[in-house]
Amino acid sequence: MWSDGEPVKDVAGISHWLDEARAQGIPILLIGDFQDALDEKTYMDFGMNRPTSREVSALSITSQNKNMSYEMPIRANPRDFLQLRAPADSKIWLTLKSPAGDNEDAAAITPWGGYILSPYILTTLPNKDTRWLVNPFHLYREAFRLPEMPVPDTTTESGRRLFMAHADGDGFVSRAQFPPYHIAGQVYMHRILEKYKLPFTGSIIVGDLLPGDRGLYPALAPLGSKVAREVFRLPYVEIGSHMWSHPFDWPAIEAGKDYPGINLPVPGYKFSPYMEAVGAAKWIDKHLAPPDKKVVIDQWSGDCEPDAQVVGLAYKAGLMNINGGESTISKKDPSITAVPPIGIFRGKWLQVFAPDANEDYFTNQWHGPYWGFENVIQTFEMTNKPHRLKPIDIYTHWYTATKLASISAVDKVYNWVLTQSITPIYVADYGHIANNFFTIRLAREGQGFWIGGAEALRELRMPTSLGTPAIADSQGIAGYNPSPNGNMYVHMDGNPSVYLALSKNPKPFPYIVSANAPIAEFTAGSDGFLAKLKGYVPVQVQLGNVQNCRARMNGQSTAIPVSGQLQSSAHDVTLHVSCSQ
């Protein structure tokens, strides 16, 4: 329960709810200004007094756990003093004391869970950035008594960090400011898409390309439509929609408000949730998409705060969605408070957040420096260690191709990505992975775990203390490799029912250490395995325990080098590995 100190309307109800949870052995974590949120009986049952405000002349820290002062040092603040003794048998994380001997145990792991008082959770800096004062990873793990277990991981697949790229529709028909002064969509296509040939999701704003007096740019719409068709025909480009009129303030426009700048002034158009979420995609399908492709994803515009109705319309039309909540952690703001969650539920619908910030953030809302997007590399690095929190997402707008400095920065970022161990996918794939995170089920059985419903999300992260996957005794487990942070990645094959057998010393058996393609099938036999990999680039696969093995890739015999590294020019590979005793 995280309380901000606002008056609680139903103290008795909340107190009863927490009493019931405690009685059932459910761990409880109290955070913030909760002293007036619970009744006296609940505090008594929790073995502590109600935190009581006292005036003190000064305050000092007498002890603090290593998990405090996480992102910046804690400073004792006499104005926020609350007299409180932690329950007996608690592990106290922070104790403050006044000159008169008044005591505040401000944070503790207790027999029933834990608590931490304001202002020792987060602090806000003068520039409005925030910092964690407590290590949230350890706080949640210890207070909630979290067991060691495999965790579904949305950052990695087949043992390699996920990579994706997408562009919002803004500026598609803007002219580049350098010769030959092509429109931005054309420059981006030639300088980035055709150069790297990696999975990419591109979108347009329908209002930009509507013909004649229906559109925003009548003179440029024919050329823009021609270039959009060329972009969408590229075999490595997935099609997205960036809405009909690009709402900038979703809550306001959904509430019926209308003011200049609330969306793009598309002639004759009146805001419609359906046209933004679904109609725009249908228009792109009809007028710009090649016969073998359709729009597969909505890329939210503006403040990226659509309501449940709009997000639901997208899902009901078979469209995935992305944008909002981008990670901005960098040397400028080196805090995990700048790393958002996977997404936010709008009603029952998940709005999937973009993993990383776009160039607008790194160029100060496109006021410069225009080379600033190269600093997204810092974000990629800082969300990889000491915790891999996000995949890599090169997220831009088309207008980044209007300036040499900005398009050169994108080129530099792509070159950095190519030095990494990655599994390239599309952002629509990531949308399915993000949704699957909330539906996966795990259950312990013996020394292993059953995993149910892991179809789009195919990677687990687990502590090495649990053991090593026993591939021959597992079902749907293709392999494993170390994470960069001391854990282990375990690769599943998309089977809706998977069993992960674990052992301290499993018998040697061939397995996939890592691959740059999703693993679509893995069947262990008596002397080896059959695996299918379905990717978007020429397949690379690293094998383990294959000293006395031979391989066939797509029916062709292939020698396995000492390194265990195999390569194919194909994007889809059937791999058969058999071994002699």
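Below, the figures for the structure above:
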| item | result |
| --- | --- |
| Which listed residue is assigned to a loop (DSSP other than H, G, I, E, B), in contact with a Ser or Thr (Cβ under 9 Å, 6 or more places away or on another chain) and closer than 23 Å to F449 by Cα, from N485, N505, N481 | N505 |
| Members of segment 1-24 found to be farther than 25 Å from W132 by Cβ, open to solvent by less than 50 Å² (accessible area, probe 1.4 Å), out of contact with any Leu (no Cβ under 8 Å at 6 or more places or on another chain) and among the small types (G, A, S), listed by number | G13, A21 |
| Matching residues, segment 194-205, being of a type in the set (A, V, I, L, M, F, W, C) and part of a loop (DSSP other than H, G, I, E, B) | L198, I205 |
| Filter result for the condition that a residue is open to solvent by less than 50 Å² (accessible area, probe 1.4 Å), assigned to a strand (DSSP E or B) and at pLDDT 95 or above, over E276, E238 | E238 |
| Positions within segment 146-193 being hydrophobic (A, V, I, L, M, F, W, C) and assigned to a loop (DSSP other than H, G, I, E, B), in sequence order | L146, M149, F172, V173, A176, F178 |
| Elements of type helices (runs of 4 or more DSSP H) in segment 291-388, at least 3 residues being in contact (Cβ under 8 Å) with a residue 12 or more places away in the chain and closer than 16 Å to A281 by Cβ | 308-316 |
| Selection from segment 37-67 of residues that are of a type in the set (A, V, I, L, M) and in a loop (DSSP other than H, G, I, E, B) | A37, L38, M48, V56, A58, L59 |
| Qualifying residue in segment 416-432 (condition: assigned to a loop (DSSP other than H, G, I, E, B) and charged (D, E, K, R)) | no |
| Those residues of segment 252-303 which are under 27 Å from R229 (Cβ atoms) and of a type in the set (D, E, K, R), in sequence order | E276, K282, D285, K286, D292, K293, K294, D298 |
| Elements of type strands (runs of 3 or more DSSP E) contained in segment 525-581, each with 1 or more residues being hydrophobic (A, V, I, L, M, F, W, C) | 528-534, 540-544, 549-553, 565-567, 572-579 |
| Qualifying residue in segment 95-107 (condition: closer than 22 Å to M1 by Cα and aliphatic (A, V, I, L, M)) | yes |
| Flag for A76 being without any contact (Cβ under 8 Å) to a residue 24 or more places away in the chain, outside any strand (DSSP E or B) and of a type in the set (G, A, S) | yes |
| Test: residue in segment 509-516 that is of a type in the set (G, A, S) and not in a strand (DSSP E or B) | no |
| Members of segment 279-310 that are open to solvent by 20 Å² or more (accessible area, probe 1.4 Å) and of a type in the set (F, W, Y) | W283 |
| Search result, residues across segment 62-71 that are open to solvent by less than 60 Å² (accessible area, probe 1.4 Å) and either out of contact with any Asp or Glu (no Cβ under 9 Å at 6 or more places or on another chain) or among the β-branched types (V, I, T) (or both) | S63, N65, M68, S69, E71 |
| Some residue of segment 389-399 being in contact (Cβ under 8 Å) with a residue 12 or more places away in the chain, touching a Phe, Trp or Tyr at 6+ places or on another chain (Cβ under 7 Å) and in a helix (DSSP H, G or I) | yes |
| Selected residue (only one of P27, P78 is at pLDDT 95 or above and either in contact with a Leu (Cβ under 7 Å, 6 or more places away or on another chain) or closer than 19 Å to L139 by Cα (or both)) | P27 |
| In segment 128-139, residue most open to solvent (accessible area, probe 1.4 Å) [restricted to those that are hydrophobic (A, V, I, L, M, F, W, C) and within 17 Å of M1 (Cα to Cα)] | F137 |
| Segment 450-475, residues that are under 29 Å from W349 (Cβ atoms) and out of contact with any Lys or Arg (no Cβ under 6 Å at 6 or more places or on another chain) | W450, I451, A454, E455, A456, L457, R458, E459, L460, R461 |
| Test: P355 is more than 18 Å from H491 (Cβ to Cβ), buried (at least 24 other Cβ atoms within 10 Å of the Cβ) and not hydrophobic (A, V, I, L, M, F, W, C) | yes |
| Filtered residue count, segment 435-476, keeping only those that are touching a helix residue (DSSP H, G or I) at 6+ places or on another chain (Cβ under 6 Å) and either of a type in the set (G, A, S) or part of a strand (DSSP E or B) (or both) | 1 |
| Count of segment 549-581 residues which are closer than 13 Å to A517 by Cα, touching a strand residue (DSSP E or B) at 6+ places or on another chain (Cβ under 9 Å) and open to solvent by 90 Å² or more (accessible area, probe 1.4 Å) | 1 |
| Members of segment 340-358 found to be of a type outside the set (K, R) and more than 21 Å from D429 (Cβ to Cβ), listed by number | G347 |
| Residues located in segment 365-379, provided they are of a type in the set (F, W, Y) and either within 13 Å of I392 (Cα to Cα) or open to solvent by 20 Å² or more (accessible area, probe 1.4 Å) (or both) | W366, Y370, W371 |
| Among the candidates T402, T419, residue that is β-branched (V, I, T) and open to solvent by 50 Å² or more (accessible area, probe 1.4 Å) | T419 |
| Residue check for F362: at pLDDT 95 or above and open to solvent by less than 30 Å² (accessible area, probe 1.4 Å) | yes |
| Residues of segment 384-399 classified as under 19 Å from I322 (Cα atoms) and surrounded by fewer than 23 Cβ atoms within 10 Å (Cβ to Cβ), total | 1 |
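For (1) of a type in the set (A, V, I, L, M); (2) surrounded by 24 or more Cβ atoms within 10 Å (Cβ to Cβ), each residue gets a yes or a no:
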site	(1), (2)
R141	no, no
R145	no, no
S158	no, yes
H166	no, yes
G169	no, yes
A176	yes, no
Y188	no, yes
E194	no, no
G202	no, yes
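The values are calculated or read from the model by the stated rules, or taken from the named source; none is laboratory data. All values reported here derive from a predicted model rather than from experimental measurement. Cβ: placed from backbone, ideal geometry, glycine included. Neighbour counts: every protein chain shown. All accessible areas refer to the heavy atoms of the entire protein, side chains included, with ligands and DNA or RNA removed. Shrake-Rupley method; radii C 1.70, N 1.55, O 1.52, S 1.80 Å.
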